[in-house]
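Report on one structure; see the data block that follows.
None of the figures in this text is laboratory data; all of them are computed from the coordinates on show. Computed from a predicted model, the values in this text were never measured in an experiment. So basically every Cβ, Gly included, is an ideal-geometry build from the backbone, and we count neighbours across all protein chains shown.
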Amino acid sequence: MGADQQLCQQLNKLRCSKTLIVGIGNTLKGDDGAGSVICERLAGKICVEVIDSGTVPENYIQPIIKKTPQNLLIIDAIDFGASPGAIKIFKPEQLDSSVTSTHTLSPRLFADMVCQSIKVDVYFLGIQPVHTRLGDSMSPQVYQAVRQLAQTLIDVFPPIRSVP
């Protein structure tokens, strides 16, 4: 469970580049809200822009394209068959574009639409959910993963300190 050393190394490769973080999720559906909760935890605490797209990432395609990031880091609850709360980084080609999602548009299709307009490296940060039914609360495993991943991202993208 959580952000292991390999994940930290992969994220550290993005440290000195123009990265945009997009969280996807529905906080009314338990663990599905992980991406949105992480965005809330990161707001104002890191040196890269963060967008909480909620359940409608397609509404943010044009704003993302206008920002022309080098890297797009998409955080979402993804069922990849691991232990609850496990965190894994994926490239888009590792996700099946036809996978059904709780979101209007599959995260893979969302990324593909952005990539049609700009050159950007896309990474998915998936958190293995336990339950995603309407009215569920976030599981303890995913809550711990959210806390750990948010801290890892704060460490990787520390806020820019102004010099007095």
| request: Take the chain, connect every pair of alpha-carbon atoms lying under 10 Å apart with a spring to form a Gaussian network, then pick out the residue of PRO107, PRO140, PRO57 with the largest mean-square fluctuation. | output: PRO140
| note | By the C-alpha gyration tensor axes a ≥ b ≥ c (rounded if a/c is under 1.5, else prolate when a/b exceeds b/c, else oblate), the shape of the stretch 1-41 is oblate
| task | Give the value in nm², to one decimal: projected area of the alpha carbon convex hull of the stretch 13-68, averaged over all directions. | result | 4.3 nm²
| field | Order of THR152, THR19, THR68 under a 10 Å beta carbon neighbour criterion, fewest first | value | THR68, THR152, THR19
| note | Stokes-Einstein D for the stretch 1-98 (4 °C, 1.567 mPa s, Kirkwood Rh from Cα pairs), in µm²/s, comes to 90 µm²/s
| message | About the Cα centre, and with charges only on the beta carbon of Lys, Arg (+1) and Asp, Glu (-1), how big is the dipole of the chain? Nearest 20 debye, please. | response | 540 debye
| query | For the stretch 135-152, what does the Karplus curve 6.51 cos²θ - 1.76 cosθ + 1.60, with θ = phi - 60°, yield as ³J(HN,Hα) per residue in whole Hz, taken in order and with x for Gly and Pro? | reply | x, 5, 9, 5, 5, x, 5, 6, 4, 5, 5, 4, 4, 5, 5, 4, 5, 4
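I need to check one value: relative contact order of the chain, counting alpha carbon pairs closer than 8 Å and at least 6 residues apart, in percent.
Values: 333 pairs, mean separation 57.3, N = 164.
Averaging sequence separation for qualifying contacts and normalising by length gives 35 percent for the chain.
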| Charge sum, other residues only, whose C-beta stays under 13 Å from ALA86's C-beta, Lys/Arg counted +1 and Asp/Glu -1 | -2
| Overall Cα dimensions of the chain, principal axis frame, Å, largest first | 46, 34, 26
| query | Could you name the lysines in cross-link range of LYS119, using Cα to Cα under 24 Å and dropping any fewer than eight places away on the same chain? | reply | LYS13, LYS18, LYS66, LYS67, LYS88, LYS91
